[in-house]
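Notes follow the structure.
Bear in mind these aren't lab numbers, they're just calculated from the coordinates by the rules spelled out. Everything quoted here is computed from the prediction, not taken from an experiment. Here Cβ is always computed from backbone atoms with ideal geometry, including for glycine, and neighbour counts include all displayed protein chains.
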Ligand code: BDR
Ligand code: CA
């Protein structure tokens, strides 16, 4: 079993990723920690609980985390994900309470209790991860792997021309995380921009009338009709689901060793992922690689994996 601890800010694509994690037979979810990002911490926490309730995964613990970035003011993405973070979709009220303000402790304890076993998947700003590794640096050598949705290496950002949302939202946390010395994979916009799912694909999933697939369709529709139309794309970019899938099957993506640093101060470039690929004569550096950077994705294989896993698990 692959033991995942998921840090997240649901978020429409976070929701689509959580549904994948729940449905994946090889995955054991060790817990979910929430962070302020797409919407406020109270809303991301509420959404995480409500999504678990809808999917019948109420045995999973949710611990809430940081209410704001380390230094900068919070920036939200409710213009993309809707005021409630999940495209205005109404979910059943959660019966479970979260562990309030216990995200950092949960990350530390979960990793310390299972040395070499836990894969930490980060689908939002990196505030909780930064606080955890600062409080207990030992987790850097005890975690199996950290797989992050974030960054833009060779393509423009999606918040500014320079920066991707999860890094932009808390660049100082991202800086700590990049330099913490743990094994990192970064699933960036370079690959997630290529994994779009369209309305027809969500309609096919929802044809079984299951509450989860119907809510997925409603969330995706809200995203595509809103942000998609504004940006001239006819699908939803599966940022977080691809990251989750890459934690399970890294071979979906081609990786390259790279030294990645975070721009903290630029007037226009705050949150940029400055990337030096290993052995690249065009970008020489003496710094050692600190991440595996995503370069290409097998889009067809990922979408097939996503559709098949969801369809097999959520049946009416
Ligand atoms: C990332 O930003 C968020 O809005 C999404 O949930 C995803 O994690 C993509 O840049
Ligand atoms: Ca997210």
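Here are a few things to note about the model shown:
- Cα shape, region 213-316, gyration tensor, a/c 1.5 rule: oblate
- Antiparallel bridge percentage (DSSP; both residues within region 2-313; nearest 5): 35
- Region 66-193: C-alpha gyration tensor shape, a/c 1.5 cut-off, then a/b vs b/c: oblate
- Shape call, region 1-88: gyration tensor on alpha carbons, a/c limit 1.5: prolate
- Highest mean packing first, where packing is the average number of other Cβ atoms within 10 Å per residue, the peptides 79-87, 275-283 line up as 79-87, 275-283.
- Estimated D of region 117-160 in µm² per second, where Rh is the Kirkwood radius over Cα pairs and Stokes-Einstein applies at 25 °C, 0.890 mPa s: 205
- FRET efficiency, residue 96 to residue 315 (Cβ-Cβ, R0 35 Å, nearest 0.05): 0.90
- Annotation for region 281-316 versus region 46-71: alpha-carbon center distance of 24 Å.
- Kirkwood Rh in Å, taken over region 148-189 so that all alpha-carbon pairs contribute: 10.5
- The Cα atoms of region 2-313 cover 55, 42, 36 Å along the three principal axes, with the biggest extent listed first.
- Expected 222 nm ellipticity per residue - DSSP helices of 4 or more, -39500 (n - 2.57), all of the chain, to 500: -10500 deg cm²/dmol
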